[in-house]
Amino acid sequence: MVQAESKRPRVLSGMRPTGKLHLGNLVGALQNWVKLQDKYDSFHFVADWHMLTTEYANTSELQLNIQEMVTDWLAVGLDPGKATFFVQSRLLEHAELYLIFGMVTPLGWLERVPTYKEQLDNLQGRDLHTYGFLGYPVLQAADILIYKAGYVPVGEDQVPHVELTREIARRFNQFYGEIFPEPQSLLTPSPRLRGTDGRKMSKSYDNAIFISDRPDVVDKKVRGMMTDPARKRRHDPGDPEKCPVFDHHKIFSAADVIERVDRECRTAEIGCVECKKMMAQKLNEYLAPIQQRRSVYERDPQKVWDVLDAGTAKARRVVQETMNEVRTATKLA
Ligand code: TRP
Ligand code: SF4
């Protein structure tokens with residue numbers, strides 16, 4: 001029986017529009033979102049304002065990146081019949097709540113967020129000493145609380161942001177009454193999946209395999225993949241745990257193949273060329289139906305925008321209701 005929508009607990013999660021998504025995004029977030037859409041009242045959005053906090057000087061591809069990312073969402077099986085998909089910047093209520101939260105959020109809370117100092121140090125080539133970048137988690141709190149979401153599916157790195165969201169909810173509620181429930185992180189247990197060069201898979205490292213990569217591209221990327229550096233020659237034994245190819249086997253290959261590679265790599269019975277071929281084939285088999293679905297939206301991108309239009313309209317009803325409550329509680333109306 002289909003449960004009434006309002007009876008299901010609500011989950012909400014956003015993703016910055018980076019364009020075409022890679023396998024790290026797939027196993028780190030999307031596969032989990034697909035599972036959640038059957039049990040929860042799921043809301044997922046394109047965090048385009050969040051993108052501007054770091055990419056404000058470089059917005060020329062933004063609309064195309066939104067389209068490509070949401071095309072991948074739909075390709076992997078996220079279903080507009082089950083979940084709601086929308087664009088953050090089309091709902092000005094997010095900005096309104098962000099502004100109000102800005103009034104009650106102490107600066108010290110923001111300076112203490114671990115991602116803040118980390119990114120300030122790590123992101124090269126842009127000046128992040130901006131008001132907007134410091135306020136990133138306040139906007140995220142508004143995104144979450146405006147839907148009164150119970151759960152926020154996120155990776156490890158985002159847990160401090162959800163914790164801060166809870167603190168902002170508590171502080172707001174102390175001043176203005178019990179409006180916002182405190183959301184919980186729904187930690188995505190994601191297996192390790194390193195990129196072709198052995199570092200974390202990331203678009204900016206140019207080491208990613210994309211969901212939309214055709215079989216010949218996958219084959220080529222896998223052939224060039226780093227392996228256990230200790231396996232220089234065919235007869236050198238290897239340690240599969242040190243090899244990004246094995247990360248992929250563990251996700252895309254059957255149990256008997258994983259077991260065989262794990263054993264025969266250590267004894268040098270299997271060579272890297274064969275091992276990679278087996279992995280690339282499984283990966284291509286996995287991606288085939290996804291790319292099949294993707295092609296429908298590639299041929300007619302308007303379908304993607306239609307999904308976002310419908311989802312945004314649905315989200316709008318929720319945010320308007322919350323903001324009416326907020327304006328009343330704060331005596332702004
Ligand atoms: N900060 C998140 C990320 O970088 C994206 C995001 C924005 C988000 N708003 C959110 C995630 C609200 C969950 C809930 O991945
Ligand atoms: Fe990696 Fe496979 Fe080579 Fe072992 S045999 S090092 S798991 S590619």
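Excluding same-chain residues fewer than 8 positions from LYS242, which lysines have a Cα within less than 29 Å of its Cα?
Within the straight-line cut-off, LYS242 pairs with LYS20, LYS200, LYS203, LYS220, LYS221, LYS232, LYS250, LYS276, LYS277, LYS282.
At 1.4 Å probe size, put VAL46, VAL159 in order of accessible surface, largest to smallest.
The ordering from most to least exposed comes out as VAL159, VAL46.
Could you work out how far the C-alpha centroid of the stretch 58-89 sits from that of the stretch 93-167, in angstrom?
22
Can you give me the Rg/Rh ratio for the stretch 70-121, using Cα atoms for both radii and the Kirkwood formula for Rh?
1.16
Regarding the stretch 66-224, what is the average projected area of its C-alpha convex hull, in nm²?
The orientation-averaged projected area of the Cα hull of the stretch 66-224 comes to 11.7 nm².
7 Å from Cα along Cα→Cβ at both TYR56 and ARG234: what's the point-to-point distance in nm?
Calculated label separation equals 5.8 nm.
Which order do peptides 19-29, 164-174, 323-333 fall in by mean Cβ count within 10 Å, highest first?
The packing order, highest mean first, is 19-29, 164-174, 323-333.
May I ask you to derive the FRET efficiency for LEU92 and GLN31 from their Cβ-Cβ distance with R0 = 45 Å, giving the value to the nearest 0.05?
0.90
How much of the DSSP bridge set in the chain is antiparallel, in percent, rounded to the nearest 5?
Counting only bridges with both partners in the chain, antiparallel ones make up about 10 percent.
By accessible area of protein heavy atoms, probe 1.4 Å, what ranking do TRP49, TRP33 get, highest first?
Ranked from most to least accessible, the order is TRP49, TRP33.
Would you rank TYR297, TYR147, TYR205 by solvent-accessible area, highest first, keeping every protein chain in place and using a 1.4 Å probe?
From most accessible down to least: TYR205, TYR297, TYR147.
Considering the options LEU186, VAL326, LEU91, tell which one lies farthest towards the positive end of the dipole of the chain, charges being +1 on Lys and Arg and -1 on Asp and Glu at the Cβ, about the Cα centre.
LEU186
Using a Förster distance of 35 angstrom, determine the FRET efficiency expected from the C-beta separation of GLN119 and LYS303, and round it to 0.05.
Result of the calculation: an efficiency of 0.50.
Of the listed peptides 223-233, 65-75, what is their order by residue-averaged count of other C-beta atoms within 10 Å, with the highest listed first?
By packing density, highest mean first, the sequence is 65-75, 223-233.
Under unit Cβ charges (Lys, Arg +1; Asp, Glu -1), what dipole magnitude, rounded to 20 debye, does the chain have relative to its Cα centre?
Dipole about the Cα centre, nearest 20: 380 debye.
So what is the orientation-averaged projected area of the stretch 33-117, using the convex hull of its C-alpha atoms, in nm²?
Its Cα hull, projected and averaged over all orientations, spans 7.6 nm².
For SER60, what accessible area in Å² do you get when you roll a 1.4 Å probe over the heavy atoms of the protein chains, rounding to the nearest 10?
Accessible area, nearest 10 Å²: 100 Å².
Given the convex hull of the Cα atoms of the chain, what is a quarter of its surface area in nm²?
Over all viewing directions, the chain projects a mean Cα-hull area of 18.8 nm².
Have a look at TRP49, ILE66, VAL104 and report the one farthest towards the positive end of the charge dipole of the chain, computed about the Cα centre with Cβ charges (Lys/Arg +1, Asp/Glu -1).
Farthest towards the positive pole: ILE66.
Write down Rg/Rh for the stretch 180-255, rounded to two decimals, with Rg from the C-alpha atoms and Rh from the Kirkwood relation over Cα pairs.
So for the stretch 180-255, dividing Rg by the Kirkwood Rh gives 1.11.
Heavy atoms only, probe 1.4 Å: what % of the accessible area of the chain goes to carbon and sulfur, would you let me know?
Within the chain, the accessible surface is 52 percent carbon and sulfur.
Can you give the log10 of the normalised intensity I(q)/I(0) at q = 0.22 Å⁻¹, computed with Debye over equal Cα scatterers of the stretch 213-293?
-0.97
The values are calculated or read from the model by the stated rules, or taken from the named source; none is laboratory data. A quick note: this is a predicted structure, and the numbers were derived from the prediction, not measured. Backbone-built Cβ (ideal geometry, glycine too); neighbour counts: all protein chains shown. Surface accessibility is based on the protein's heavy atoms, side chains included, excluding ligands, DNA and RNA. Shrake-Rupley method; radii C 1.70, N 1.55, O 1.52, S 1.80 Å.
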